[in-house]
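Data block below; observations after.
The values are calculated or read from the model by the stated rules, or taken from the named source; none is laboratory data. Computed from a prediction, not measured in an experiment: that's the story for all the values here. Don't worry about glycine lacking a Cβ; one is built from the backbone with ideal geometry, like all the others, and counts go over all protein chains shown.
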Amino acid sequence: MTTSNLHLYVLAAPLLTAFFVNLLGRKSRSWIAPLALGSLAFSTVGSVLVLLRVLTHGAYSYTVGNWNPPFGIELLVDHLSALMLLLISAVALIATVSALKSAEREHPGREHLFFTLYLILIAGLYGLVLTADAFNLYVLLEITSITSYGLIAMGKERAPLASFNYIIMGSIGACFYLLGVGYLYILTGSLNMADIAILLQGLYGTAALATAFAFVLVGLGVKMAFFPLHGWLPNAYSLAPTGAGTMIAPLMTKVTVYLMIRVILTVFTPDYAFFHSPLVQSGIVWVAAGSILCASALALGQRDLRRMLTYILIAEVGYMVGGVWLANANGLTGAILHIVNDSLMTLCLFLAVAAISYRMGGTGFDRLQGIYRKMPVTMAAFTVGAFSMIGVPPTAGFFSKWYLILGGIDAGHWGFVAALVISSLVNAVLFFRIIEIGFFFAPGDAHGHGHEAHHEEIKEAPLQMLQPLIFTAIALIVVGLSSGPLVDKVIRLAIPGSF
Amino acid sequence: MSEFMAEVVGKYNYWLYVVLMMIGFYAMIGKRNLVKKLLGMNIFQTAIILFYVSTGVKRGAGIPIVDKYAALKHGVDAATVVNPLPHVLMLTAIVVSVSVTGVALAVLLRIYREYGTLEEDEILEKIGR
């Protein structure tokens, strides 16, 4: 195994393991845990090595099957994609530990199917961050989407309906992206991202390029649930099986934001995307600011913890999109740092939700009364995640929000800064409401009907769900405290020098 | 007006796909029956597939199957063969569209078993109850 194709092993491990999980897991479910955890641990180690290699030797590209670009398919491993590779590996590995436990409860006898889809989805995400080919990106986007349609449909009650809505919306998004790539292909005759960028120079004024750009952005916007296009997300993510939600929610939207950054930086180049028409640039930041406010307001209306988190997730997408479109170094740094931090804090909160719903059978606010006394460790970790969402130092969320606000000030975009601050306050209200219910209300205090009987038995979540949760909560603080080196050594290098 | 008509007639294939696309798009957004939504999605995807395929066409060009030895010796005159790349891309897109349709049909089966109907209004009514 040479180090130059290590990133391919990272991608191949979950993909190949998925088939073995299906075959062997069918015979005995004791195969599933070692296979899934083993392959993801392998990928995590591999992506650490890839990141170290990129840090010492710089970015490198890889031609699959020795067909040279622009004709062959190229994989690009630069600072940004190596960072995303590690992020996906780490989040997926941690989420899987907990997902194994909740899948055991929710899908008895069908766990092998669940984890087959689960691992293919992770392989698709790896592919998305590695590829340097515009059409490949479409195919991988659909691989991740189709597997997540399947995973979401495995949920209870209304989940199939939510999944179907996601299929329709997701297909519209993917088709728009495909159409945009079609325009680019007509314009340039190439599908390789770097090649397209070179061929597009001198075509900046044309309507065809503007149309292509709009189609690609709207397509990705649907997939990342950017506010006016977010309709599918709350139902899909809150009704998905707990284990699937724990992995999909932190990763899918964030990877799509990465794709937007990749498309802007590599295909259309910042010159065209940001500086060709300032109206579009500031318009999108305004939409992002509006989306943060609207999603925060919608989150206030929710009476279920998990559903509330899905709306916060949509607001966070607004943070990142706005940060990217501020079109300055601080904004872009903040957006990339926020991809990392938001994945971790979403993971932390969803792991806590998984632990709570494992014991309580749901996450409606009425079930959370007195939960701090029953599940102190879970709720301590939940509080760390909540503080990070609000942006309390020294948790990770504070630092990326700091960069985003700095970026907003640099760009003179006060609307976006105001939206960030207001959304932080709304998050504080949201989470302190949970803390109030969980900490100060005695079990069955306000709505004391019927639940007392089983309230007595409720204890801390099983260790297999607690360990990843505690680990993530600690990681939030560690990543927060090491933001400085992370920004200096990795993220600054991922941003093109022109900023 | 006549200029516009000339534009439409000159590029009639693209206009056709736009019309097809809009039909599919309308069905996906506007129809209340879940199967019709799925059919709309298929029309939409087919329109994009046709759009891609027609970009490879050249007037008077043949199929892109050439004599290997002749091609190695003299090279290929690009004007005599249609561009095969969009066709190849669309093979992949067809695979994607078939798998999405498959997953969607399986999900529809589950919805039908759960609610006994595929009309969105009736399903929402049953959920509301």
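State whether the residues of the stretch B:67-86 include one that is touching a residue at least 60 places away in the same chain (Cβ under 8 Å), within 15 Å of the chain's Cα centre (by Cα), crowded, with 17+ Cβ neighbours inside 10 Å and not in a loop (DSSP other than H, G, I, E, B). Taking every residue of the stretch B:67-86 in turn, none turns out to be touching a residue at least 60 places away in the same chain (Cβ under 8 Å), within 15 Å of the chain's Cα centre (by Cα), crowded, with 17+ Cβ neighbours inside 10 Å and not in a loop (DSSP other than H, G, I, E, B). When you check A:Gly323 against the structure, is it surrounded by fewer than 23 Cβ atoms within 10 Å (Cβ to Cβ) and not in a loop (DSSP other than H, G, I, E, B), yes or no? For A:Gly323, the condition - surrounded by fewer than 23 Cβ atoms within 10 Å (Cβ to Cβ) and not in a loop (DSSP other than H, G, I, E, B) - is not met.
Per the conditions (1) crowded, with 23+ Cβ neighbours inside 10 Å; (2) within 14 Å of chain B (Cβ to nearest Cβ); (3) free of Cβ contacts under 8 Å to residues at least 40 places away in the same chain; (4) more than 16 Å from the chain's Cα centre (by Cα), the sole criterion not satisfied by A:Gly72 is (1). Which condition from (1) more than 8 Å from chain A (Cβ to nearest Cβ); (2) part of a helix (DSSP H, G or I) is the one that B:Ile123 breaks? The number of the failed condition is (1).
Using the structure shown, decide if A:Tyr237 is in a helix (DSSP H, G or I) and within 11 Å of another protein chain (Cβ to nearest Cβ). So A:Tyr237 does not fit the description; no. Here B:Val107 meets the list (1) under 22 Å from A:Ile152 (Cβ atoms); (2) facing chain A (nearest Cβ under 9 Å); (3) surrounded by fewer than 17 Cβ atoms within 10 Å (Cβ to Cβ) almost entirely, failing just condition (3).
Yes/no matrix, rows are residues, columns are (1) touching a strand residue (DSSP E or B) at 6+ places or on another chain (Cβ under 8 Å); (2) within 22 Å of A:Ala92 (Cβ to Cβ); (3) touching a residue at least 12 places away in the same chain (Cβ under 8 Å); (4) of a type in the set (Val, Ile, Thr):
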{"residue": "A:Ile120", "(1), (2), (3), (4)": "no, yes, yes, yes"}
{"residue": "A:Gly124", "(1), (2), (3), (4)": "no, yes, yes, no"}
{"residue": "A:Gly127", "(1), (2), (3), (4)": "no, yes, yes, no"}
{"residue": "A:Tyr138", "(1), (2), (3), (4)": "no, no, yes, no"}
{"residue": "A:Ile146", "(1), (2), (3), (4)": "no, yes, no, yes"}
{"residue": "A:Ala153", "(1), (2), (3), (4)": "no, yes, no, no"}
{"residue": "A:Leu161", "(1), (2), (3), (4)": "no, no, yes, no"}
{"residue": "A:Leu178", "(1), (2), (3), (4)": "no, no, yes, no"}
{"residue": "A:Ala214", "(1), (2), (3), (4)": "no, no, yes, no"}
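Here A:Val91 meets each of (1) at pLDDT below 85; (2) closer than 20 Å to A:Leu476 by Cβ with one exception, condition (1). Looking only at the stretch B:33-61, residues that are more than 10 Å from chain A (Cβ to nearest Cβ), in a helix (DSSP H, G or I) and out of contact with any Phe, Trp or Tyr (no Cβ under 8 Å at 6 or more places or on another chain) come to 6 in all. Of all the listed residues (A:Tyr9, A:Tyr62), the sole one being in contact (Cβ under 8 Å) with a residue 24 or more places away in the chain, of a type outside the set (Gly, Ala, Ser) and in a strand (DSSP E or B) is A:Tyr62.
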